[in-house]
Number of protein chains: 2
Amino acid sequence: MTVRSPVGIVGLGLMGGSLARALARLPDAPDVVAWSRDRRDLELAREAGVVQHAAATPEEAAAGAALVVYAVPLGAILEMIGTHRRTWPPDAVITDVAGLKTPVLERARAAGVADRFVGSHPMTGAEASGFAAARAGIYQGVPVWITDDTGDPEAHAAVAALWRAVGADPRRVGAEAHDRRMVWASHLPQLASNALAGVLEEHGLARADLGPGGHDMTRLAASSPGVWLDLLDAAGPAVASALEELSRVLERLAADLREGRAADLEAFMDTTRRWTAGGVGPAADRGGEG
Amino acid sequence: MTVRSPVGIVGLGLMGGSLARALARLPDAPDVVAWSRDRRDLELAREAGVVQHAAATPEEAAAGAALVVYAVPLGAILEMIGTHRRTWPPDAVITDVAGLKTPVLERARAAGVADRFVGSHPMTGAEASGFAAARAGIYQGVPVWITDDTGDPEAHAAVAALWRAVGADPRRVGAEAHDRRMVWASHLPQLASNALAGVLEEHGLARADLGPGGHDMTRLAASSPGVWLDLLDAAGPAVASALEELSRVLERLAADLREGRAADLEAFMDTTRRWTAGGVGPAADRGGEG
């Protein structure tokens, strides 16, 4: 199935910009109408030939598309879904790429667009942000969660076709189950990396002082706060509980060390070692996660 | 400067096995006499042609070498330095690859071999262990800390020449400064990864459920406990303090989330983002760190 055309991309940062780049490579590439808060990103995308129509406003990008993709931070997505209710063409399918889905679907329902709205969450990202960091291959082989709470079969087919076209692996999930899972799979690793980086900086270490293991552990700390703050705000108490649980495990390991409980430490390290062997995830060189 | 020959390698796991492989590739490759607790590793190394003489005991490997490298866990290194005091040839230079240097140097002094002993710590590793995981390229471009508390100039030259020959970057450091730094650069990231993996497992997530960021954060959790337990034991209280400090930062972030202090969260994420930009470390694809 080909991708609906034109595609409206609202936001040309890493996620939206990479989508525009990936779509431009397709044999039957759709037209792309895009808007970016950063006018320079929009210019770069035009120059790269991956955007055919540069929209002056988000509304203009939303109004001229058969498939609208919101690729801005969560707060901006929620606001735009609220204000764009009279903007979308009557047959347009709408999606977004936010890392939390429950608030987005609530807003889509409130905007009366539930039948045509399907939420997306591509499990990819990078430390760098903006169109300059966008790459066509970023979605290749990546799981993309597709919410199955809303959207008619036509909308589902359109959104799945979009992600399959750029090489991703769409998987259906309920929004609430998705969001509970992301607290652990995405938000907790993000803030654990920030916390570790903060402690290392406090103790005078530079990232260049680390071995490859420490380097891995601090890669996510380079993520753009702009994307994360909305997500963290929307899931605040759940993320706080996850952080507190990690904190308790660290305290327990510290107590094991102070009291010389080597067998307990070994058993714990053995357990987590077995856990890591349980699954092969996406390639490491893609960096952060959105 | 060429590498002293023969080199005695005590332990043919990831570190010792990779050293044997790397030395075998040199144009003027030294002879290698090696011992391994795992007889199968020793056989594999013989079959690969990277060990010329398979020693039946650690003493035999130590007795027949002009440069002895202890590449076994810290506890075994300490024990062997104690028992090998009458084993080393009078002009042999001795080194090791343990991740903590103060206890090793203390033992070398006690064994009366301070003038000929120089500690090494290559900042590399991998999740996998044993000779099967050994690769010739593992030391390429890697910092190797060389302790400057002991060792005469000849010993220093011999140890530096060994590491330079396999592509590493030897750097001199005092043992105590090294060990203080490793608590933060190495032990803390290791246990933070184990702790995160433990929490994720507890909540029913598989490693395959993670994006590339979460995948990075749990890579070290695959490290072999055998190598780490001795290191953690030797630095117990210092590592416990580091874990407690990380725990406190996580608690603070949790409180920021619960109380909606978005500006504080953003400032913290901005700080750690700037910190990550401060240095380019070794390539990520080498995995763990020893």
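Residues of segment A:48-64 that are more than 22 Å from the chain's Cα centre (by Cα) and modelled with pLDDT of 95 or more: A:Ala48, A:Gly49, A:Gln52, A:His53, A:Ala54, A:Ala55, A:Ala56, A:Thr57, A:Glu59, A:Glu60, A:Ala63. Restricting B:Asp209, B:Asp216 to residues that are in contact (Cβ under 8 Å) with a residue 40 or more places away in the chain and either surrounded by fewer than 24 Cβ atoms within 10 Å (Cβ to Cβ) or not polar (S, T, N, Q) (or both) narrows the list to B:Asp216. For segment B:252-283, a residue qualifies if it is open to solvent by less than 30 Å² (accessible area, probe 1.4 Å), of a type in the set (A, V, I, L, M) and either under 18 Å from A:Ser223 (Cβ atoms) or modelled with pLDDT under 90 (or both), and the qualifying residues are B:Leu253, B:Leu257, B:Leu265, B:Met269.
Do you know which of the residues in segment A:73-88 that are assigned to a loop (DSSP other than H, G, I, E, B) and either polar (S, T, N, Q) or at pLDDT 95 or above (or both) is least open to solvent (accessible area, probe 1.4 Å)? Filtering segment A:73-88 for residues that are assigned to a loop (DSSP other than H, G, I, E, B) and either polar (S, T, N, Q) or at pLDDT 95 or above (or both), the one least open to solvent (accessible area, probe 1.4 Å) comes out as A:His84. Checking each residue in segment B:125-153 for being open to solvent by 20 Å² or more (accessible area, probe 1.4 Å), in contact (Cβ under 8 Å) with a residue 40 or more places away in the chain and not small (Gly, Ala, Ser) picks out B:Glu127, B:Arg135, B:Trp145, B:Asp149. Scanning segment A:154-169 for residues that are outside any helix (DSSP H, G or I) and surrounded by fewer than 19 Cβ atoms within 10 Å (Cβ to Cβ) turns up A:Gly167, A:Asp169.
Here B:Ile138 meets the list (1) at pLDDT 95 or above; (2) in a helix (DSSP H, G or I); (3) within 14 Å of chain A (Cβ to nearest Cβ) almost entirely, failing just condition (1). Scanning segment B:34-68 for residues that are within 16 Å of B:Leu23 (Cβ to Cβ) and among the β-branched types (Val, Ile, Thr) returns B:Val50, B:Val51, B:Val68.
The values are calculated or read from the model by the stated rules, or taken from the named source; none is laboratory data. These numbers were taken from a predicted model, which means no experiment stands behind them. Positions of Cβ are backbone-derived with ideal geometry, glycine not excepted, and every protein chain shown enters the neighbour counts. All accessible areas refer to the heavy atoms of the entire protein, side chains included, with ligands and DNA or RNA removed. Shrake-Rupley method; radii C 1.70, N 1.55, O 1.52, S 1.80 Å.
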